[in-house]
Amino acid sequence: MIVALAGGVGAARMLRGLAQVLPAEDIVTIVNTGDDEMIHGLHVSPDLDTVMYTLAGLADDQRGWGLAGETWNVMEYLEELGGETWFRLGDKDLATHLYRTGRLSQGAPLSQVTAELAARLGVPARLLPMTDDEVRTRVRLSSGEEVSFQHYFVRLSHDVAISAVRFHGIDEARPAPGVMEALAHAGAVIICPSNPVVSIGPILAIEGVRAFLADHRGRVVAVSPLIAGKALKGPADRMLVELGGEASVVEVARTYADVAGTLVIDETDREQADLVEGAGCRAVVARAVMHDLRSAELLARAVLDAAGYAYSTPGPR
Ligand code: GDP
Ligand code: CA
């Protein structure tokens, strides 16, 4: 059994590849909930939904969030009413949020609600929110103003410089049921190519997670979300620079060196392998861009090999 630490889109692509290689029951995914936010009184969990919809084969891969084949009747009418529509929610997607919010208000923990939704959507792999407690990522803009993560990411299109990130509630948050147990039983832990600051950062900050991984870093393999100094999507490259680092695989290695023995980097970053090793991670070079299912599967195989994780499904190399 392996454990994957996941944010949204980068993680979903990696997980689709892993699901080609391993039986679903051998994959436990721990998902960031720092991006969660109340929108129109509904509990939205963007990273959980991206992973869930992708693994269910229901995601809109072009848009990068939400469901394929959506309609937008509610948003259009909300706009007519003069409501706020900067955070777009499709009609079907809204049903997910109604279900989640309804169950949470009945007292069900997020981990339970997530399991119910995943089962209903036919997602075979286990999805665990990092915590059932409320953690909210807050972003300080260079203007000094502090905003919610979705305000920064969606409303401002992450088109502004930032000076700090913090995870409100993280000190009181406890790992969700199953999180520490899964880590304890994992033959390998994969840190998906998600944003190191705002997607993986909150998971590592949950009580006990960083310390556990540090003690087992030989089994932990991270995959760089940066390719040739750039994020394929989103602000990871800029965030690393704005927070005082650089946009490179070396910076990713510095970020993860205490918890991951190995960093998988793309072929285009091959010349940086020595610097990655100098920063404290063994460097493994692979094709790390997942254009399609096939390239995701090949990357998954490279990652599992790098972790020394034996799997039985044979396949092309
Ligand atoms: P978000 O929560 O939807 O923004 O998604 P994540 O945090 O999971 O992922 C964002 C990161 O995924 C970005 O920094 C991208 O560079 C990275 N990413 C997306 N696709 C790929 C890919 O095919 N390969 C690699 N290595 N990284 C990717
Ligand atoms: Ca996210």
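Residue separation of VAL160 and MET38 scaled by 0.36 nm, minus their Cα-Cα distance, works out to 41.7 nm of gained length.
Between ALA68 and GLU267, the distance separating the two model label sites (each 7 Å from Cα on the Cα→Cβ line) works out to 2.8 nm. Once you order the gyration tensor axes a ≥ b ≥ c over the Cα atoms, which shape class does segment 1-111 get: rounded for a/c under 1.5, otherwise prolate or oblate by comparing a/b with b/c? Prolate shape, in that a/c is at least 1.5 and a/b is the bigger ratio. Charge tally around ASP258: other residues with Cβ under 9 Å, Lys/Arg +1 each, Asp/Glu -1 each, net +2.
Overall, the chain carries a charge dipole of about 660 debye about its Cα centre when +1 sits on the Cβ of Lys and Arg and -1 on the Cβ of Asp and Glu, all other atoms neutral.
Each Lys or Arg adds one and each Asp or Glu takes one away; over the other residues whose Cβ falls under 15 Å from the Cβ of ALA247, this sums to -2.
Specify the residue with the greatest mean-square fluctuation among VAL209, VAL197, VAL147, computed from a Gaussian network of the chain linking alpha-carbon atoms under 10 Å apart. Looking only at VAL209, VAL197, VAL147, the largest GNM fluctuation is found for VAL147. Centre-to-centre, using Cα atoms only, segment 251-284 and segment 54-69 are separated by 31 Å. Remark: spin-label model distance HIS168-LEU81 equals 2.5 nm, labels positioned 7 Å along the Cα→Cβ axis. Relative to the current alpha-carbon distance between LEU293 and TYR99, full extension at 0.36 nm per residue lengthens the span by 66.8 nm. Among LEU156, LEU128, LEU213, the residue with the largest mean-square fluctuation in a Gaussian network model of the chain, with springs joining Cα atoms closer than 10 Å, is LEU156.
Entry note, segment 62-216: relative contact order of 17 percent, from Cα contacts under 8 Å with a spacing of 6+ residues. Could you work out the helix-only [θ] at 222 nm for the chain, with each DSSP H run of four or more residues adding -39,500 (n - 2.57) and the total divided by the number of residues, to the nearest 500 deg cm²/dmol? The helix contribution divided over the chain gives -10000 deg cm²/dmol.
Round to the nearest 10 and give me the degree value, 0 to 90, for the angle of helix 91-105's Cα axis relative to the longest principal axis of the chain. The helix 91-105 is inclined about 90 degrees to the chain.
Simple spin-label estimate for ARG140 and GLN106 gives 4.2 nm between the two label positions (7 Å along the Cα-to-Cβ direction from each Cα).
For helix 110-120, report the angle its Cα long axis makes with the longest principal axis of the Cα atoms of the chain; keep it between 0 and 90° and round to the nearest 10°. Helix 110-120 and the main axis of the chain meet at about 90 degrees.
Take each peptide in 32-38, 279-285, 181-187, 256-262, count the other Cβ atoms within 10 Å of every residue, and average; sorted highest first, the result is 32-38, 256-262, 279-285, 181-187. Assuming charge only on the beta carbon of Lys and Arg (+1) and of Asp and Glu (-1), the dipole of segment 220-317 about its Cα centre is about 320 debye to the nearest 20.
Extension gain for ASP91 to ARG282 (0.36 nm times residue separation, less C-alpha to C-alpha distance): 64.2 nm.
Just so you know, all these numbers are worked out from the coordinates, no wet-lab data involved. In this text the structure is predicted, and so the values were computed from the model without any measurement. Quick reminder, even Gly has a Cβ in these numbers, built from the backbone with ideal geometry, and neighbours come from all protein chains shown.
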